[in-house]
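I have placed the structure first, in the form of structure tokens, so that the comments after it can refer back to it.
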Amino acid sequence: MGYTKRVRYKNHKRHINVGARPGSIIIPDDALPSRITIYSFNQHDLQVSKGEDMETITRQIAICADHTHWIRVNGLGDARLMEDIGTFLSINQLVLEDIVNTHQRPKFDEYDGYVFGTSRIIYFNNETELVNCQFSGIIKDNIVISFEESYVNYFEAIVVRLKAGKGNIRTAGPGYIFYTLTDTILDNYFVLLSQIGDLIDQTEDKLYQSPDKSIMFDAQQLKRTLIIIRRACWPERDKINDMIRSESPEITKETKLFLRDAYDHCIQAMDMVESYKEVTTSIIDLYLSMVSNRMNEIMKVLTIISAIFIPLTFIAGIYGMNFSREDTHGHVIKDNMPELYVQHGYVYALVCMFVIGAIQIFIFWKKGWFSKL
């Protein structure tokens, strides 16, 4: 009996610091060291630099003062860097706490002079683990700074667009960069949902061709995955809606037009999630119904067999009673199975039982019971 490989869920242990001061930057033990990549660009130029400390950021911004800057931080294991960034950009400590506490739901908050947003990045890695990690971003003046938990190049398509220099990506400002990051996350939801759709189709095919109990396990795993995506999509919709309604100058009217399109994409992803959830539930219900029907068929066969042998067992039981034909003095006892001494009685009993069984089988066949097995 074959089983599909179980989907594992790569989650980070949640650190609960009861009584800790609000705004405390507490780095998880499994956090990766921070790596910084800065893309400084305008309509005619793109400068890229990499480093691991605050000096990389300040130097690049000083050199490219007339550029828009996308500061990309991969890995949240450097508390000192987080504090330096907060000091450099005058970021509230509560925002920094939300960045390193990677269990935030998607949201959009406005502060004096900057805005802050989070999203959930969800994908299957090479080990068939469902990775659910956090993306955070801050927009201030001509700077957008993003924070990711891993080193996975999740936004490679945006980097390619920046290098190509086509469209609005270099000229529409940091708010547009933040939109493209959010839209890329949503686009990858569709990639993930497409993979899940293929898995659902495979599970359905297996259900119709060679059903076994692994189908129920596979469907339950898919349903759990869809629940995780749903928990990301629903608040993501609210986050994008907050961005569209925002009065912050960091989110321009031109960017809001694109955000409306992202909002539609989010609604489509939510519809797909709900549809797939219903399908997985239907697969589980159908499999359980098939198991129940199969059990009913087995019980029907056993019932027919029992019905055939009940009268035969009754006859055998009667002639199996050991009542004596004669008493100790040789006198015949009345009404004590005279058939026991009938010549060929054994054969007659077998023939009688065979005839009774044949008659029952004929009756069951005429009623159509055998054709429904």
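The values are calculated or read from the model by the stated rules, or taken from the named source; none is laboratory data. Computed from a predicted structure; not experimentally measured. Every residue, glycine as well, gets a Cβ built from its backbone with ideal geometry; the counts of neighbours run over all protein chains shown. SASA here: full protein model, heavy atoms, side chains in, ligands and nucleic acids out. Shrake-Rupley method; radii C 1.70, N 1.55, O 1.52, S 1.80 Å.
Here Cys233 clears all of (1) more than 15 Å from Ser119 (Cβ to Cβ); (2) crowded, with 18+ Cβ neighbours inside 10 Å except the condition numbered (1). The selection criterion, being at pLDDT 80 or above and either touching an Asp or Glu at 6+ places or on another chain (Cβ under 7 Å) or open to solvent by 80 Å² or more (accessible area, probe 1.4 Å) (or both), holds for Asn296.
Among residues of region 169-185 that are under 20 Å from Ser248 (Cβ atoms), those with a Cβ under 9 angstrom from a residue that is small (Gly, Ala, Ser) and in a helix (DSSP H, G or I), sequence gap 6+ or separate chain, pair up as Tyr179/Ala262; Thr180/Ala157; Thr182/Ala262; Asp183/Ala262.
Looking at this structure, is Ser214 modelled with pLDDT under 90 and surrounded by fewer than 19 Cβ atoms within 10 Å (Cβ to Cβ)? Yes: the conditions hold for Ser214. Scanning region 96-113 for residues that are touching a residue at least 60 places away in the same chain (Cβ under 8 Å) and either of a type in the set (Val, Ile, Thr) or in a helix (DSSP H, G or I) (or both), we see that the one that is most open to solvent (accessible area, probe 1.4 Å) is Glu97. The numbered conditions (1) surrounded by 13 or more Cβ atoms within 10 Å (Cβ to Cβ); (2) under 30 Å from Ser194 (Cα atoms) are all true for Ser289 except (1). Scanning region 231-258 for residues that are within 27 Å of the chain's Cα centre (by Cα) and more than 12 Å from Arg105 (Cβ to Cβ) gives Ile240, Asn241, Asp242.
Would you point out which residue out of Arg35, Arg80, Arg72 is open to solvent by less than 70 Å² (accessible area, probe 1.4 Å), basic (Lys, Arg) and modelled with pLDDT of 90 or more?
Answer to the selection: Arg72.
Among residues of region 115-140 being touching a residue at least 60 places away in the same chain (Cβ under 8 Å) and not in a strand (DSSP E or B), the one that is farthest from Ile229 (Cα to Cα) is Glu127. Applying the set (1) open to solvent by 10 Å² or more (accessible area, probe 1.4 Å); (2) more than 17 Å from Asn132 (Cβ to Cβ); (3) at pLDDT below 90; (4) aliphatic (A, V, I, L, M) to Ile169 leaves exactly one unmet item: (1). Of everything in region 180-211 that is open to solvent by 10 Å² or more (accessible area, probe 1.4 Å) and either outside any helix (DSSP H, G or I) or hydrophobic (A, V, I, L, M, F, W, C) (or both), the residue that is nearest to Asp285 (Cα to Cα) is Pro211.
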